[in-house]
1. Can you find even one residue in the stretch 240-258 that is in contact with a Phe, Trp or Tyr (Cβ under 6 Å, 6 or more places away or on another chain) and at pLDDT 95 or above?
2. I'd like to know if the stretch 158-173 contains one or more residues that are touching a strand residue (DSSP E or B) at 6+ places or on another chain (Cβ under 6 Å), open to solvent by 20 Å² or more (accessible area, probe 1.4 Å) and closer than 16 Å to MET131 by Cα.
3. What do you reckon, is PRO190 in contact with a strand residue (DSSP E or B) (Cβ under 8 Å, 6 or more places away or on another chain), at pLDDT 95 or above and either on the phi > 0 side of the Ramachandran plot or surrounded by 15 or more Cβ atoms within 10 Å (Cβ to Cβ) (or both)?
4. For the stretch 236-290, what are the residues that are surrounded by 15 or more Cβ atoms within 10 Å (Cβ to Cβ) and part of a loop (DSSP other than H, G, I, E, B)?
5. What pairs can you find where one residue is in the stretch 263-290 and over 15 Å from ARG7 (Cα atoms) and of a type in the set (S, T, N, Q), the other is at pLDDT 95 or above and open to solvent by 80 Å² or more (accessible area, probe 1.4 Å), and their Cβ atoms are less than 8 Å apart, with a gap of 6+ or different chains?
6. Tell me, which residue of the stretch 42-67 that is touching a Leu at 6+ places or on another chain (Cβ under 9 Å) and farther than 23 Å from THR82 by Cα is most open to solvent (accessible area, probe 1.4 Å)?
7. Among (1) at pLDDT 95 or above; (2) of a type outside the set (Ser, Thr, Tyr); (3) more than 26 Å from ASP151 (Cβ to Cβ), there is one condition HIS222 misses while meeting the rest; what is its number?
8. Pairs please, first residue from the stretch 9-38 and farther than 17 Å from ARG67 by Cβ and β-branched (Val, Ile, Thr), second anywhere and open to solvent by less than 10 Å² (accessible area, probe 1.4 Å) and not in a strand (DSSP E or B), Cβ atoms under 7 Å, 6+ apart in sequence or on different chains.
Amino acid sequence: MTSDSKRFKVGDIECVAVSDGTFSYPIGWLFSNVPPEQVESSLRERKLPTTHVESPYTCLLVKSGNRSVLVDTGADGLAPTTGNLLGNLETEGISPKEITDVVLTHGHPDHIGGVLDASGQLAFPSARYVMSRTEWDFWNDPSALHDAAMDDHMKQLLVGCAKKNLPPLEERMELFDGEKEIVPGIHAIPAPGHTPGHIALLISSANAQLLHISDSVLNPLHMENPDWRSVFDLDSESAANTRRELLDRAAAEKISVLAYHFPFPGIGLVERKGNAWTWEAGADPSIRAA
């Protein structure tokens, strides 16, 4: 095990959280409707930098029966600090050819950026790819992001990555609507708002559960301040409703949560606190070291 990976088990299912790297976000991108000085004060209280947020990108490998399922592929090509997924999988002794299924939670560059290798070929050549039909249709629509509240450069970056990385997957792509059992023990749950077809995943085995909330919450500060918004949430009201439903479920059922952008390995527990929630890094006892 290295600091770039963490093995654990959800019941009988083996999992590996694998880092693709980190990316530095200006605070205005993650907290777009909050006065900067308010965000800076909250970051300062936590002894964190006040000009930016260092965000991890944590992919998840799940071994269920004879299936090796990779959830998201990181952000290869986005920055020098990203694109480490394949190398970190190799360090864990996992070949890209072993991956049988790749689940794409949504179409942002930090989640689909690693579907192709340096030569433009499929990075996981044996895999089927799985995505919500709503999400696939959105990113393949020429008008995607036309009305989004973000600058043109950001729109071009997001749309350009989708145009490059999604078409090569079409013959291998399996689309679904609503909830879906992807493989035994892994269930997709619609989680719209961040993007139209964004999904969360519930991993279940032997009375243990892990709720993978993907980008439903981008930073612990969004849990503590439910009204704070990100420029990346395309429908902020829907995103807020999704966030509330998932976090309330995790708190009520006392199950572990994995959040893609939280401090690596992104696993923790959620507790309801008034109209907000708190985050405690570390899993519940049912999630144990592998």
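1. Let us first name the residues in the stretch 240-258 that are in contact with a Phe, Trp or Tyr (Cβ under 6 Å, 6 or more places away or on another chain), namely 247.
Now drop any that are not at pLDDT 95 or above, which leaves 247.
For the stretch 240-258, residues in contact with a Phe, Trp or Tyr (Cβ under 6 Å, 6 or more places away or on another chain) and at pLDDT 95 or above: present.
2. Yes; the residues of the stretch 158-173 include at least one that is touching a strand residue (DSSP E or B) at 6+ places or on another chain (Cβ under 6 Å), open to solvent by 20 Å² or more (accessible area, probe 1.4 Å) and closer than 16 Å to MET131 by Cα.
3. Spelling it out, PRO190 is indeed in contact with a strand residue (DSSP E or B) (Cβ under 8 Å, 6 or more places away or on another chain), at pLDDT 95 or above and either on the phi > 0 side of the Ramachandran plot or surrounded by 15 or more Cβ atoms within 10 Å (Cβ to Cβ) (or both).
4. Residues satisfying the conditions are ILE255, TYR260, HIS261, PHE262, PRO263, PHE264, PRO265, GLY266, ALA283, ASP284, SER286.
5. Sorted first by the residue in the stretch 263-290, then by its partner, the pairs are THR278/GLU271.
6. Going through the qualifying residues, I end up with ARG46.
7. (3)
8. These pairs meet every condition: ILE27/VAL39.
The values are calculated or read from the model by the stated rules, or taken from the named source; none is laboratory data. Remember, predicted model here, so these are calculated numbers, not experimental data. Positions of Cβ are generated from backbone atoms using ideal geometry, with glycine treated the same way; all protein chains shown enter the neighbour counts. Keep in mind that these areas ignore ligands, DNA and RNA; they rest on the heavy atoms of the full protein, side chains included. Shrake-Rupley method; radii C 1.70, N 1.55, O 1.52, S 1.80 Å.
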